[in-house]
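The values are calculated or read from the model by the stated rules, or taken from the named source; none is laboratory data. Fair warning: this is a prediction, and the values are worked out from it, not measured in the lab. We place every Cβ from the backbone using ideal geometry, glycine too, and count neighbours over all the protein chains shown.
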Amino acid sequence: IAVIGKPNVGKSSLINALLNENRVIVSEIAGTTRDSIDTPFTWKGEDYILVDTAGIRRKSKVNANIERYSVIRAVAAIERCDVCLLMIDATEGVTEQDKKIAGVAHEAGKGIVIVVNKWDLIEKVTNTMKDFEKTIAAELAFMSYAPTIFISIKEKQRVFKVIDMAKYVAEKRTLRVPTGQLNGLIADATMMKQPPSDKGNRLKIY
């Protein structure tokens, strides 16, 4: 499970909360994590590896070589993981940078869970969560398949549900549809709408 997102959204804090120990450096200064750190972790009798990645900044902000290296490592962590936890700061909403990071995970074909952190800092009225979910659906329309969870690391709200959701996403990602079922679906679809013909010959869908 790779924890991804822009700097200072709480990636290291989430891992520390899950491990219940300060295994990863946490700081108010954005960009403290310079490398990807792998940490074995057991939850409900199952083994996971949590990968804390350096926050991915906008290219214009990537000045020093060490920053550039951090971005490369974060992208590499996405490549080798099964599920990404895309962390978003509730106080900032979905930023352009969040969309770019989400795009990297999406293009890599990874399972994704959208984790909205700092939910304790949001003033709640009726439908606050639903409205935020609608915003996410609109801003990250290309990954409507990704479930969203609202957490507060500081208040320890729903922190461990993140792992349960990651497991659920991993299972769905490896789901195999039996060939017979798929053929039946295609047969039904072609019955409802015939494929186009080419020089009088009907196209066959395999």
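Just one of the listed residues (VAL62, VAL94, VAL83, VAL24) is closer than 30 Å to LYS124 by Cβ, modelled with pLDDT under 55 and not small (Gly, Ala, Ser), namely VAL24. For segment 182-206, residues that are in a helix (DSSP H, G or I) and surrounded by 10 or more Cβ atoms within 10 Å (Cβ to Cβ) total 8.
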